[in-house]
Amino acid sequence: MKARGHVLKYGDNVDTDVIIPARYLNSFDAEELASHAMVDIDPTFTQRLQKGDIMVAGKNFGCGSSREHAPLCLKTAGVSCIIAKSFARIFYRNSINIGFAILECPEAAEEIQEGDVVNVDYDSGIITDETTHKTYQAQPFPPFLQKMIKANGLVNYVNEKKGTKA
Amino acid sequence: MGMTMTQKILAAHAGLDHVEAGQLIEAKLDVVMANDITGPMALPIFRQMADRVFDPDKVYLVPDHFTPNKDIKSAENSKAILDFSYDQHLTHVLEQGKCGVEHAILPERGYVTAGECIIGADSHTCTYGALGAFSTGVGTTDIATGMATGELWFKVPSAIRFKITGKPSPYVSGKDVILHIIHEIGVDGALYQSMEFTGDGIQYLTMDDRFTICNMAIEAGAKNGIFPVDEQTEAYLKEHCQKPHTVYTADADAVYDREIEVDLSKVRPMVAFPHLPGNGHTIDEVEQMDRIKIDQVVIGSCTNGRMSDLRKAASILKDQKVADHVRVMVVPATQKIFLQCIQEGLAEIFVKAGCAFNTPSCGPCMGGHMGVMAKGERCVSTTNRNFVGRMGDTESYIYLASPQTAAASAIAGYIANPETIGGAQK
Ligand code: SF4
């Protein structure tokens with residue numbers, strides 16, 4: 001699996017309340033949620049975002065609530081991948097559980113700039129900034145999580161394991 | 001190599017003799033909880049995996065965030081989890097007017113106990129660590145999987161040991177302790193880790209203090225917070241819980257990433273400024289600044305809406321008046337607490353002082369309803385998050401504090417020191 005896109009860059013501690021504000025949580029329609037993504041921190045986000053774009057952020061991305069609406073709305077809005085210095089743990093779990101690959105790589109998160117074109121190879125964890133021609137090695141996923149991402153999320157993983165429905 | 005208290009609970013639930021930090025395991029679940037926001041979203045995911053929940057005794061769906069239903073969508077969400085609770089013959093069906101905020105109601109009713117492995121589709125599920133359980137917040141896919149299979153994957157966390165010493169002064173409570181700690185270690189200071197609280201000082205922390213402290217472990221990025229089981233825990237469980245429990249203790253040679261000492265006698269009333277819970281200042285620092293005028297005060301939530309919190313707030317508001325330009329929302333966390341406030345005369349104290357005394361709900365805590373702020377407004381709140389836009393407009397401001405500090409500020413009209421302002425008039 002690979003991703004390639006332009007970078008939208010953010011700072012530290014981007015919390016779930018700004019990724020998708022609570023006032024929109026009485027809906028769980030993914031498309032509707034996606035239309036409000038990042039509105040409180042970056043009102044032009046959904047207009048600027050092109051399908052496949054990559055988010056780069058500082059530490060503790062996705063801190064705050066357990067709302068799976070947060071990774072879901074970013075994935076649905078068209079974000080292909082998030083590279084951050086670190087992720088808040090529930091956001092990390094939720095992303096993997098919905099088959100949204102996210103990578104921790106402090107060096108890449110520091111150096112890659114807004115607007116750069118970046119290429120990500122999930123299998124090897126190699127991140128290439130095509131604008132600056134620099135490459136970075138992200139922490140690869142442990143095999144258990146790789147299996148889950150390949151299954152496109154926890155639901156399929158459970159069903160495969162149980163051999164039941166779906 | 002020994003295990004931490006959290007690791008021991010996880011090992012036992014994974015059927016393993018030993019686990020280590022970083023290990024990926026699948027553990028059996030004792031309690032699976034979701035609410036009116038996360039529950040409805042989990043149901044279609046659940047249905048992709050199963051027709052029936054793994055155990056109707058162990059699944060709880062709590063309507064608390066947008067309840068009493070604030071609009072049609074909220075009503076549909078509440079209805080979805082209520083219908084599901086009945087369809088699945090859940091042993092405990094929770095309905096508005098008969099329950100309260102999830103993290104207050106589950107311990108109060110004895111649905112959670114020591115030694116259990118608990119997940120909730122709400123980040124503050126870490127609250128129940130106060131009882132000596134492993135308890136953590138997860139997302140909707142996790143919760144759907146938990147409801148379907150009774151099992152979930154976990155990465156075994158490493159831990160920070162907090163050695164609690166000393167005795168707190170009268171106007172310092174659990175909220176000040178945790179705001180102090182988050183200020184020290186930062187909002188990602190315990191990322192992916194357990195926060196294990198030990199030491200002589202914990203005897204001076206009541207169960208309500210411990211719930212408040214564990215509630216905010218997530219605000220330091222932690223996977224869970226956990227207290228050892230002592231006489232206070234046993235007494236609490238005896239009073240509230242019928243289920244048998246298991247006491248786990250950390251091994252003497254357990255390995256911790258670091259140890260941090262917290263001397264309770266040195267902790268001061270704390271105020272976390274916008275927009276991060278780690279942005280704490282002592283009340284003494286606040287008193288050195290220009291006065292911070294406020295428009296709203298919220299006393300309630302899963303952090304500080306318990307009986308002792310409301311008693312503390314009432315002791316300051318007794319025979320006092322809330323400042324003219326301030327509106328105060330007092331929101332007891334459960335119906336039982338609500339009733340007790342009436343019986344003990346607290347409701348009268350609040351209303352006479354000029355506070356709105358509201359039905360149990362998350363309400364203003366996450367800007368849902370019952371206390372949403374306009375642009376430019378400032379609030380002192382006993383809740384747990386002061387993120388941008390959390391309680392209303394993105395240009396409104398939340399200052400997190402204890403019930404005592406919130407009550408004193410309500411009277412003063414600006415952020416004030418509970419040691420010098422209010423009923424106890426000092
Ligand atoms: S009171 Fe606030 S923090 Fe607690 S569960 Fe409700 S919304 Fe979440």
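The values are calculated or read from the model by the stated rules, or taken from the named source; none is laboratory data. Since the model is a prediction, treat every value here as computed from it, not as a measurement. Positions of Cβ are generated from backbone atoms using ideal geometry, with glycine treated the same way; all protein chains shown enter the neighbour counts. What goes into the accessible areas is simple: the full protein's heavy atoms, side chains included, and nothing from ligands, DNA or RNA. Shrake-Rupley method; radii C 1.70, N 1.55, O 1.52, S 1.80 Å.
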Subject >> Residue satisfying condition, being crowded, with 24+ Cβ neighbours inside 10 Å, more than 19 Å from the chain's Cα centre (by Cα) and either of a type in the set (V, I, T) or outside the structural domain of B:P68 (by TED's automatic domain parsing) (or both), within set B:V372, B:V351, B:V328 >> reply: B:V328
Subject >> In the range B:222-271, the residues that are part of a loop (DSSP other than H, G, I, E, B) and of a type in the set (A, V, I, L, M) >> reply: B:A222, B:V229, B:V247, B:A250, B:A252, B:V255, B:V267
**OP:** Please enumerate the residues belonging to the range B:351-362 that are in contact (Cβ under 8 Å) with a residue 40 or more places away in the chain and more than 16 Å from the ligand (Cβ to nearest atom).
**Re:** B:A353, B:C355
Original post:
Regarding B:M33, is this residue in a helix (DSSP H, G or I) and either in contact (Cβ under 8 Å) with a residue 12 or more places away in the chain or under 30 Å from B:M1 (Cα atoms) (or both)?
Top reply: no
**OP:** Output yes when any residue across the range B:31-40 is at pLDDT below 95 and surrounded by fewer than 17 Cβ atoms within 10 Å (Cβ to Cβ), and no when none is.
**Re:** no
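One line per residue, one yes/no per condition, for (1) touching a strand residue (DSSP E or B) at 6+ places or on another chain (Cβ under 6 Å); (2) open to solvent by 20 Å² or more (accessible area, probe 1.4 Å); (3) in a loop (DSSP other than H, G, I, E, B); (4) among the polar types (S, T, N, Q):
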| residue | (1), (2), (3), (4) |
| --- | --- |
| B:A148 | no, no, no, no |
| B:K163 | yes, yes, no, no |
| B:P170 | no, yes, yes, no |
| B:H180 | yes, yes, no, no |
| B:A190 | yes, no, yes, no |
| B:F211 | no, no, no, no |
**OP:** Restricting attention to the range A:18-62, report how many residues are more than 10 Å from chain B (Cβ to nearest Cβ), among the β-branched types (V, I, T), buried (at least 21 other Cβ atoms within 10 Å of the Cβ) and not in a loop (DSSP other than H, G, I, E, B).
**Re:** 3
Original post:
Do any residues in the range B:300-327 that are closer than 16 Å to B:G413 by Cα have Cβ atoms under 9 Å from those of residues that are part of a helix (DSSP H, G or I) and within 16 Å of the ligand (Cβ to nearest atom), where the two are at least six apart or on different chains, and which pairs are they?
Top reply: B:A313/B:N304; B:A313/B:P403; B:A313/B:A406; B:I316/B:P403; B:I316/B:A406
Original post:
How many residues does the range B:275-306 hold that are part of a loop (DSSP other than H, G, I, E, B) and either within 16 Å of the ligand (Cβ to nearest atom) or surrounded by 24 or more Cβ atoms within 10 Å (Cβ to Cβ) (or both)?
Top reply: 6
Original post:
Only one of B:T141, B:T91 is assigned by TED's automatic domain parsing to the domain that holds B:D209 and either surrounded by fewer than 24 Cβ atoms within 10 Å (Cβ to Cβ) or in a loop (DSSP other than H, G, I, E, B) (or both); which?
Top reply: B:T91
Original post:
Here are some conditions: (1) within 16 Å of the ligand (Cβ to nearest atom); (2) open to solvent by 30 Å² or more (accessible area, probe 1.4 Å). B:C365 meets all but one. Which one does it not meet?
Top reply: (2)
**OP:** Give the residues of the range B:33-67 that are away from chain A (no Cβ under 13 Å) and away from the ligand (no atom under 16 Å from the Cβ), sorted by residue number.
**Re:** B:V53, B:D55, B:P56, B:D57, B:K58, B:V59
Original post:
All but one of (1) more than 25 Å from A:P21 (Cβ to Cβ); (2) surrounded by 16 or more Cβ atoms within 10 Å (Cβ to Cβ); (3) more than 9 Å from chain B (Cβ to nearest Cβ) hold for A:V158; which doesn't?
Top reply: (3)
Subject >> Breaking point among (1) in contact with a Leu (Cβ under 7 Å, 6 or more places away or on another chain); (2) within 16 Å of the ligand (Cβ to nearest atom); (3) part of a loop (DSSP other than H, G, I, E, B), for B:P107 >> reply: (3)
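Residue-wise test of (1) surrounded by 17 or more Cβ atoms within 10 Å (Cβ to Cβ); (2) within 14 Å of chain B (Cβ to nearest Cβ).
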{"position": "A:I102", "(1), (2)": "yes, yes"}
{"position": "A:E107", "(1), (2)": "no, no"}
{"position": "A:V120", "(1), (2)": "yes, no"}
{"position": "A:H133", "(1), (2)": "no, no"}
{"position": "A:F141", "(1), (2)": "yes, yes"}
{"position": "A:L154", "(1), (2)": "yes, yes"}
